[in-house]
Amino acid sequence: MAHTASISQLQIPPWALVNGELVRYEDVRIHISAEALTRALSVFEGLKGYWNTAGDVFAVRSPRQHYNRLCRSAALLHIPISFTYDDFVAGLVKLGGQLLVPDRDLWFRTTLYVTKGHWGEGTAADLIVTAFMQQKRDPHPMRLGVSTWRRGADVVLPARVKCSANYIGGRLARIEACRLGYDDAVLLNEAGRVAEVTGACILIVDKGRIISPPTSEGCLDSITVAALEQVSRELGLAFERRPIERTELLTADECAVAGTITELTLVDEVDGFRFEQSGLLSQVRQRYLGIMRGKSALPGIDLVPLIDKADLSGSRAEDRDECPTVAAAAG
Ligand code: PMP
């Protein structure tokens, strides 16, 4: 069976934001000698913004946590940051104001590209923000395969640093998975336990408990998993962070992948082992999506209003070149 295309969708938008200034998307430039290109030196975040159910307020989930994680990734790679949280959010408002349409959500990618310096001396980076319209549709359950590629150790390429270089292994695993007819790949860590998938974390259900590996197992410190943990507890469900063996994954009752753009997407099968589709994880999913659409709130999960419908220019999705792609970056 052929794999289904990636959940995120990319287009060629008219605008990007470079260090706070709007620049035509086609005119954004990075020099070939920049360490962003010669050493894959860039750190990034993917943020999702949602229209509420009434369709009049557009809010972005957890911008503070994304900003903090971007700062932490940058600090670990010795990349200086010269903008505040308020500058960061002002950038989302500025670009969102140009690109948002009433009938689509928006996924922002905020990337710090190292554009100056050499081997850690004189390092400076540009903050470039891009954003892509996302259709409000439910993804199909996913089919996964366990990859022959693995997440490296913390002393090799730390998974908690959200840097482009970390996605080279993920890309190899995704290509391998697609060749075998899967939608995505499960990456094991060096010890052979479950780390994550190429652009999202993993959750399983075993004996009525929801389980996800901690960051020390080789996954990103996911903002979505933290939110899902709160949702689960609110629903009275047990949620554990602990290592997961490969055979525990294969024999789990339920399985799903979680990330900002992936939200909580149920998994149908891993390597031919099949999972239940209407259990605890689908309850957690419904509740999480309801919070994202502003139907209800949960303390600790921030939805920060960015833009009112009344402030939009009136353009619609059909006015834009919308091209879904399988090569979308991770959320
Ligand atoms: N792991 C990887 C490798 C990812 O790219 C992502 C998406 N950012 C995640 C996990 C999920 O993290 P978050 O929930 O913070 O988006």
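Throughout, read-outs are computed from the coordinates displayed, never taken from laboratory work. None of the values given here were measured: they were computed from a predicted structure. Here the Cβ positions follow ideal geometry from the backbone for every residue, glycine too, while neighbour counts run over all protein chains shown.
The table for this structure:
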{"item": "Proximal lysine pairs, the chain, alpha carbons under 27 Å, eight or more residues apart or interchain", "result": "15"}
{"item": "Mean Cα-pair separation over length for the chain, i.e. relative contact order, pairs under 8 Å, 6 or more apart, %", "result": "25"}
{"item": "Sites SER216 and LYS295, calculated FRET efficiency, Cβ-Cβ separation with R0 30 Å, nearest 0.05", "result": "0.30"}
{"item": "Amide proton proximity set for GLU240, modelled H, under 5 Å, gap of 5+", "result": "ILE210, ILE211, SER212"}
{"item": "CD proxy at 222 nm, helix term only [per DSSP H run n ≥ 4: -39500 (n - 2.57); per residue of the chain; nearest 500]", "result": "-7000 deg cm²/dmol"}
{"item": "Separation of the ALA54 and VAL156 label points, Cα + 7 Å toward Cβ, nm", "result": "5.2"}
{"item": "Contour minus Cα-Cα distance for LYS309 and ASP86 (0.36 nm per residue)", "result": "78.1 nm"}
{"item": "Antiparallel DSSP beta bridges within the chain, as percent of all bridges there, nearest 5", "result": "85"}
{"item": "Global form of the range 204-271, assessed from the alpha-carbon gyration tensor, a/c cut-off 1.5", "result": "rounded"}
{"item": "Contour minus Cα-Cα distance for THR247 and ARG72 (0.36 nm per residue)", "result": "59.7 nm"}
{"item": "Prolate/oblate/rounded call for the chain, Cα gyration tensor, a/c under 1.5 rounded", "result": "oblate"}
{"item": "Trypsin sites (Lys or Arg not before Pro) within the range 198-272: DSSP coil, no more than 14 neighbouring Cβ in 10 Å", "result": "LYS207"}
